[in-house]
Amino acid sequence: MIRDLITRNRSYRRFHQEFEIRDEILRELVDLARLSASAANLQPLKYALSCDSQRNALIFPCLAWAGYLKDWPGPCEGERPSAYIIILGDTKISQSFGCDHGIAAQSILLGARDRGLGGCMIGSVRRQQLRKALDVPSRYEILLVLALGKPKETVVIEAVGPNGDIKYWRDSEGIHHVPKRSLDEIIIG
Ligand SMILES: Cc1cc2nc3c(=O)[nH]c(=O)nc-3n(C[C@H](O)[C@H](O)[C@H](O)COP(=O)(O)O)c2cc1C
C-alpha cells in the first residue's frame, strides 16, 4: 500500500484547473502535516491556504516550474493548480526549520494523492513578490509552496541510464519521465 502510494505520488505540474478543491480539503491536508514529526517537537510551521482563482492568480507568477524543461514556461491557463498550501516558518517559535517543512510537504502530498489529487513542491519561489502579494507578515519565513490539483499528466519513473543523467524529460506525447537511481547505487554498504 505505502509503496504504491509513494510510487503514484509524483510531482505533477499540469492540472484540470477547473476542478475545485475546497478549503476544507486543504485544512484536512494540513492536519496530516500537523500530526507529522517535528525537530524537538517545536512545531514551528504555519500554513497559508489558497483555493480561489483570484488568490491563486497572485501566487502563480511567483513560482518557477520544471527547470530542466527549458522550452516549457510552466502550466498554461486551464492547466494551472486549483489550490496552494504555502508552508511558512514562524520565526517567533524558531530561527531554523531543519527538515520539518520537507516532512510536512510529503505528508500533505501523500494525503493529496490518496484522495486522487496530486501536486508539486515548489522551492523556487520569488519570495519577496509572494510576501507582498499575499501580505505575509515578516515574522513568517516562506519555506515551500505546494501546488495542488487534479493531475492532467502522466508521470513515469525510469531507471537512470549508464550516462548517469538525472534530468527529467517530457516525450512527444507529453508524458513526463523521471529517472531514479537504483537501490544498489544509493546503498553504500
Ligand atoms: C525541496 C524541493 C523543491 C522543489 N522545487 C521545485 C520547483 O521549484 N519547481 C518545480 O517544478 N519542481 C520542484 N520540485 C520537484 C522536483 O523537481 C521533483 O521532485 C523531481 O523532479 C523528481 O520528481 P518526482 O517528485 O516525481 O519524483 C522540488 C522538489 C523538492 C523536494
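Given Cβ point charges of +1 (Lys, Arg) and -1 (Asp, Glu) and nothing else, what value in debye, to the nearest 20, does the dipole of the chain about its Cα centre take?
Numbers: 26 positive and 23 negative charges, 83 e Å.
It comes to approximately 400 debye.
Site pair D165 and E79 shows an inter-label distance of 2.1 nm when each label is modelled 7 Å from Cα along Cα→Cβ.
Q128 to Q95: FRET efficiency via 1/(1 + (r/R0)^6), r the Cβ-Cβ distance, R0 22 Å, to the nearest 0.05? Could you put the intermediate results ahead of the total?
Values: r = 20 Å, r/R0 = 0.89.
E(calc), rounded to 0.05, equals 0.65.
Only the Cβ atoms of Lys and Arg (+1) and of Asp and Glu (-1) were treated as charged; on that basis the dipole of segment 57-165 about its Cα centre amounts to roughly 380 debye.
Summing Lys and Arg as +1 and Asp and Glu as -1 over all other residues whose Cβ lies under 15 Å from the Cβ of R139 gives a net charge of +1. Think of the chain as a dipole: +1 on every Lys or Arg Cβ, -1 on every Asp or Glu Cβ, centred on the Cα centre; then among G164, W72, Q54, Q54 lies furthest on the positive end. For a quick check, take a GNM of the chain with Cα springs below 10 Å and name the residue from G67, G161, G102 with the largest mean-square fluctuation. Looking only at G67, G161, G102, the largest GNM fluctuation is found for G161. Helices in the chain that qualify as membrane-span-like (whole DSSP H runs, Cα extent of at least 27 Å along the helix axis, mean Kyte-Doolittle hydropathy of 1.6 or higher) do not occur. Note on V156 and E18: their simple-model spin labels are 2.9 nm apart, each label 7 Å out from Cα toward Cβ.
Could you point to the residue in G98, Y12, P44 farthest towards the positive end of segment 1-102's charge dipole, with +1 and -1 charges on the Cβ of Lys/Arg and Asp/Glu respectively? The listed residue farthest towards the positive side: G98. Listed by chain and number, the aspartates and glutamates placed with their C-alpha closer than 18 angstrom to that of K92 are D100, D135, E141; residues fewer than eight positions away on the same chain are left out.
Extension gain A39-D114, at 0.36 nm per residue separation less the Cα-Cα distance, in nm? Intermediate results must be reported in sequence, preceding the final value.
Working: separation 75, 0.36 × 75 = 27.00 nm, distance 2.58 nm.
Full-extension gain reported as 24.4 nm.
The helix-based estimate of mean residue ellipticity at 222 nm for the chain, built from -39,500 (n - 2.57) per DSSP H run of four or more residues and divided by its residue count, is -8000 deg cm²/dmol to the nearest 500. Picking from T154, G111, Q128, whose Cα lies most toward the positive end of the charge dipole for segment 80-167 (charges on Cβ: Lys, Arg +1; Asp, Glu -1)? Ranked along the dipole, the leading option is Q128.
Each Lys and Arg Cβ is given +1 and each Asp and Glu Cβ -1; about its Cα centre, segment 1-102 then shows a dipole of about 320 debye. Element breakdown for the chain at a 1.4 angstrom probe: carbon and sulfur atoms account for 52% of the accessible area.
Working from the Cα coordinates of the chain, the gyration tensor eigenvalues give, after taking √(5λ), semi-axes of 26, 22, 16 Å in decreasing order.
Rolling a 1.4 angstrom probe over the protein heavy atoms, how many square angstrom per residue are accessible across the chain?
Each residue of the chain exposes 57 Å² on average to a 1.4 Å probe.
The values are calculated or read from the model by the stated rules, or taken from the named source; none is laboratory data. Keep in mind that this is a model prediction, so the values were computed, not measured. Cβ: placed from backbone, ideal geometry, glycine included. Neighbour counts: every protein chain shown. Heavy atoms of the whole protein, side chains included, go into the accessibility calculation; ligands, DNA and RNA do not. Shrake-Rupley method; radii C 1.70, N 1.55, O 1.52, S 1.80 Å.
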